[in-house]
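To start, the structure under review is shown below, and the notes come after it.
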Amino acid sequence: MDYPQGQNFTDIETLQLAYDRLRHQAQHQAAFLGTASHELRSPITQIISLHQLILEDLCESPAEEREFIAQANQAIQTVLKNLDLLITLSKFDIGALHPQLAPTLLQPLITRVQRMIEMQCINRHCRLIVGPVEAGLQVQTDPAWLEQSLVMLIEAALALGSPQISLTVSEDPTTGSVALHLGTNPGEAPPSAMAALSPEFRYQLAARLALHLGAALEFLGPAETPKSLLCLKLPRPAN
């Protein structure tokens, strides 16, 4: 049986290129799903362990039992929050849901992010430095998801033990984009009693969110610590 052939070698090369891209995307998606499963498994395992201690009457006092219940509740809240985020990302990927992109003032958005994250910074003894932002500077984005991305990136730096984090804004006149630079100084990661998303997975989530916002997340730090300097490039409004 004769199988259909491309009209020339260019058609075959185009099909091969498309196939290679799809295969690469499938491999990348499989790796991401594997990482996501591992990240969700950790807090679920912690919940099971805490419940096992309670069911087997291994708590030394009612106060300790209540503490274990509180820890299990916090862990399940973490699981639900992360599941919601992954479900939303999957809907973005298949086009079932779209970010609400609109002209957004950057200064109040960054102020909200600073307020959302400042208590975590204080608890981790980390100094958060936010540079000045022009009052009328706008970007084309979904403000809620941009806030989520920035908080996620700062939380990743905190998880790595950064004693100081800086967030500055600059404009690129050649491309018309706005760059948000996140500078960190990774130190000794503090111990955590509660299971949480790893810094690496937070970076992956933020990068995937950035794509759906029409933005790009770049790692500009040195080879030994590439995530010590991040750049989130955002488009300006069309008008």
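Yes/no matrix, rows are residues, columns are (1) at positive phi; (2) without any contact (Cβ under 8 Å) to a residue 40 or more places away in the chain; (3) assigned by TED's automatic domain parsing to the domain that holds LEU33; (4) of a type in the set (A, V, I, L, M):
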{"position": "PHE68", "(1), (2), (3), (4)": "no, yes, yes, no"}
{"position": "ALA75", "(1), (2), (3), (4)": "no, no, yes, yes"}
{"position": "ASN82", "(1), (2), (3), (4)": "no, no, yes, no"}
{"position": "GLN107", "(1), (2), (3), (4)": "no, yes, no, no"}
{"position": "GLN138", "(1), (2), (3), (4)": "no, no, no, no"}
{"position": "SER149", "(1), (2), (3), (4)": "no, no, no, no"}
Quick check: anything in the range 91-102 farther than 17 Å from LEU209 by Cα, charged (D, E, K, R) and either part of a helix (DSSP H, G or I) or touching a residue at least 12 places away in the same chain (Cβ under 8 Å) (or both)?
no
I need every pair where a residue in the range 151-175 that is outside the structural domain of LEU85 (by TED's automatic domain parsing) and of a type outside the set (A, V, I, L, M, F, W, C) has its Cβ under 7 Å from the Cβ of a residue that is in a loop (DSSP other than H, G, I, E, B) and surrounded by 21 or more Cβ atoms within 10 Å (Cβ to Cβ), sequence separation at least 6 or different chains.
SER162/CYS126; PRO163/CYS126; GLN164/CYS126
Any residue in the range 50-64 that is in the same structural domain as ALA75 (by TED's automatic domain parsing) sitting within a Cβ distance under 7 Å of a residue that is assigned to a loop (DSSP other than H, G, I, E, B)? List the pairs, counting only those 6 or more apart or interchain.
LEU53/CYS59
Specify the residue that is modelled with the highest pLDDT; the eligible residues are those in the range 157-179 that are of a type in the set (Ser, Thr, Tyr) and surrounded by fewer than 14 Cβ atoms within 10 Å (Cβ to Cβ).
SER170
Residue selected from the range 136-156 under the condition crowded, with 20+ Cβ neighbours inside 10 Å and of a type in the set (Val, Ile, Thr), by the criterion nearest to VAL113 (Cα to Cα)
ILE154
Taking the options GLU60, GLU64, GLU39, name whichever one is more than 16 Å from the chain's Cα centre (by Cα) and in a helix (DSSP H, G or I).
GLU64
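The values are calculated or read from the model by the stated rules, or taken from the named source; none is laboratory data. None of these values were measured; they are calculated from a predicted model. Glycine also receives a Cβ, built like all others from the backbone with ideal geometry; neighbour counts cover every protein chain displayed.
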